[in-house]
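The values are calculated or read from the model by the stated rules, or taken from the named source; none is laboratory data. Here the structure is a predicted model, which means the values were calculated and not measured. Every residue, glycine among them, receives a Cβ derived from its backbone with ideal geometry; neighbour counts consider all protein chains shown.
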Amino acid sequence: TIEFMERDSVLASERLLGKQLPGRDAAACLLIQLDGRREEDTYADMELVGDACLENGALDVLVARDRPTRDRLWEGRRVIIDALKHESPVSHMEDVVVPRAVIPRLVSGVHELAAEQRVRIVCFGHAGDGNVHVIALKDDLSDERWQEVVPVLQAEIYKLALSLGGTLTGEHGIGATRRAYLPLALDPVLIDLQRRLKAVFDPNGILNPGKVFP
């Protein structure tokens, strides 16, 4: 398991919990969990992973060798959603996927978009499979401005992910929210093929109608 938290998400969790968390001084942190058949093998793997992190620019590596320390490291990750909801009850989440190596470029591009649109956006997610949750927060924006900016954010975030060799969604799926943006990611021929395949299994259109394909 490899989880990713950028600094703003760590700080949001700190504000909710009322205490400082590891990783607050870095631009981002990775939470890496290992398991194995034998304790000594797992500890050896931990050393290898830690060395790899330091060789690739990590400021520090904290190793949790017991449950209390492990729980402390994971506490901030577990409360991110609650922390952001506490600060902004209204938000919009995307869950784009990009190759792991370009996650920093995705986050940098999202920050540029946030500055351009004057919206607070926080990123975190599952770095192990390149799945990054991008959450735009309404904060004190007017309802009119929020309704105006969300579609802009959606389109630009999707375009950014696709330009980095990624795709529109990982865990959440296309559904109804992302249906209009599907042509950005898939060729019309492929979309038509998928639509016809669905019709074979669902000729009456009763299986989750209106999702993915109109």
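Taking Ser163 as the residue in question, decide whether it is closer than 10 Å to Val98 by Cβ, at pLDDT 95 or above and either in contact with a Ser or Thr (Cβ under 6 Å, 6 or more places away or on another chain) or surrounded by fewer than 21 Cβ atoms within 10 Å (Cβ to Cβ) (or both).
Working: closer than 10 Å to Val98 by Cβ: yes; at pLDDT 95 or above: yes; either in contact with a Ser or Thr (Cβ under 6 Å, 6 or more places away or on another chain) or surrounded by fewer than 21 Cβ atoms within 10 Å (Cβ to Cβ) (or both): yes.
The answer is yes for Ser163.
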- prompt: So Val200 clears everything in (1) more than 30 Å from Ala115 (Cβ to Cβ); (2) in the same structural domain as Pro99 (by TED's automatic domain parsing) except one condition, right? Which one?
  reply: (2)
task: Please give the number of the condition Arg67 fails out of (1) surrounded by fewer than 17 Cβ atoms within 10 Å (Cβ to Cβ); (2) of a type in the set (Lys, Arg); (3) in contact (Cβ under 8 Å) with a residue 12 or more places away in the chain.
output: (3)
field: Unmet requirement for His133, which otherwise passes all of (1) closer than 21 Å to Ala101 by Cβ; (2) part of a helix (DSSP H, G or I); (3) touching a strand residue (DSSP E or B) at 6+ places or on another chain (Cβ under 6 Å); (4) at pLDDT 95 or above
entry: (2)
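Do we have Ala180 as within 28 Å of Val119 (Cα to Cα) and assigned to a loop (DSSP other than H, G, I, E, B) here?
On the way: within 28 Å of Val119 (Cα to Cα): yes; assigned to a loop (DSSP other than H, G, I, E, B): no.
No.
Test of understanding: among Val61, Val10, which residue is outside the structural domain of Ile135 (by TED's automatic domain parsing), within 30 Å of Ala161 (Cα to Cα), touching a Lys or Arg at 6+ places or on another chain (Cβ under 6 Å) and not in a strand (DSSP E or B)? Let's see the steps before the verdict.
Numbers: Val61 fails: touching a Lys or Arg at 6+ places or on another chain (Cβ under 6 Å).
Every option except Val10 fails the conditions.
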query: When the residues of region 136-158 are filtered to those that are crowded, with 16+ Cβ neighbours inside 10 Å and not hydrophobic (A, V, I, L, M, F, W, C), which remaining residue is nearest to Ile121 (Cα to Cα)?
result: Lys138
- request: Sort out which residues of region 87-132 are more than 21 Å from Gly76 (Cβ to Cβ) and among the β-branched types (Val, Ile, Thr), and write them in order of number.
  value: Val90, Val96, Val97, Val98, Val102, Val119
